[in-house]
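**Q** Here it is: the structure, laid out below.
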Amino acid sequence: MAFLTSSDKALWHLALPMIFSNITVPLLGLVDTAVIGHLDSPVYLGGVAVGATATSFLFMLLLFLRMSTTGLTAQAYGAKNPQALARALVQPLLLALGAGALIALLRTPIIDLALHIVGGSEAVLEQARRFLEIRWLSAPASLANLVLLGWLLGVQYARAPVILLVVGNILNIVLDVWLVMGLHMNVQGAALATVIAEYATLLIGLLMVRKILNYAEFPAKC
């Protein structure tokens, strides 16, 4: 008797990429923390740690964008309804971009509130503020990436989260080392590296979506 049935394998084929997609935002923060940890002052590390934690908390509050998009997309995909499939992408994508733009525009008062709640030394909070002022410029891309991941999983493009996770983090690592260690931009460099990686990931995700939508028929497997 086989340990895993065909249904079990199909379930894991979709479940594992979903697990990968849930660690995208925290992993970007972990990379920033690892690179900043090589600087000569613990103040930088403390600031990035606070900033990464605040970022993960804020963006994870909007994780429903990915989960709801996956459900709606899967229904449209199963019904072979191209109009509903496009609608399942466009509507949450507009919501994500709008919410992200709002976060980016109002980031200063939100940062003030977050740092007031967290507390800590003035030096650490100042570094956290410098980090977040740049990092939250990626909010539109970060939230849009949640939608794209949800949509790609809904059409059973199971490799998409792995591809986006690997490409985004490799780019983030390279830029972190260059901006932080090479150009000595410290926490601002770490934040900028992540912003660039997020928007690059968004571009790649949009190309994947275009690939799916350009099919004359729904692909059986991507």
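**Q** Tell me the mean residue ellipticity at 222 nm calculated for the chain from its helices only (DSSP H runs of n ≥ 4, each -39500 (n - 2.57), averaged over every residue, nearest 500).
**A** Values: 10 runs with 174 residues, N = 222.
Result for the chain: -26500 deg cm²/dmol, rounded to the nearest 500.
**Q** Got a sec? How would 136, 12 order by Cβ neighbour count within 10 Å, fewest to most? Provide the component values of the computation, followed by the final result.
**A** Working: 136 27, 12 13.
Ordered from fewest to most neighbouring Cβ atoms within 10 Å, 136, 12 come out as 12, 136.
**Q** Take peptides 31-39, 207-215 and line them up by average Cβ neighbours within 10 Å, highest first, as a rough protection proxy.
**A** So the order, starting with the most tightly packed, is 31-39, 207-215.
**Q** In addition: Could you list 122, 198, 133 in order of exposure, starting from the residue whose Cβ has the fewest other Cβ atoms within 10 Å?
**A** Numbers: 122 8, 198 26, 133 16.
With the sparsest Cβ surroundings first, the list reads 122, 133, 198.
**Q** Would you give the gap between the C-alpha center of the range 125-146 and the C-alpha center of the range 152-185, rounded to a whole Å?
**A** About 16 Å separates the Cα centre of the range 125-146 from the one of the range 152-185.
**Q** Hey, what D do you get for the range 110-159 in µm²/s if you plug the Kirkwood alpha-carbon radius into Stokes-Einstein at 20 °C and 1.002 mPa s? Provide the component values of the computation, followed by the final result.
**A** Values: Rh = 13.1 Å.
Using the Kirkwood radius from Cα pairs, D works out to 164 µm²/s.
**Q** Sticking with this structure for a sec: For the chain, build the convex hull from the C-alpha positions and give me its volume per residue in Å³. Numbers along the way, then the final one.
**A** Values: hull volume 28.6 nm³, N = 222.
With only Cα atoms used, the chain gives 129 Å³ per residue.
**Q** Any idea what angle helix 24-36 forms with the longest principal axis of the chain, computed on alpha-carbon atoms, 0 to 90 degrees, nearest 10?
**A** Orientation of helix 24-36: about 30 degrees from the principal axis.
Every number in this text was worked out from the coordinates using simple rules, so none of it is lab data. Just so it is clear, the structure is predicted and the values come from calculations on it, not from any experiment. Methodologically, a virtual Cβ is constructed for each residue, glycine included, from the backbone with ideal geometry; neighbour enumeration extends over all protein chains shown.
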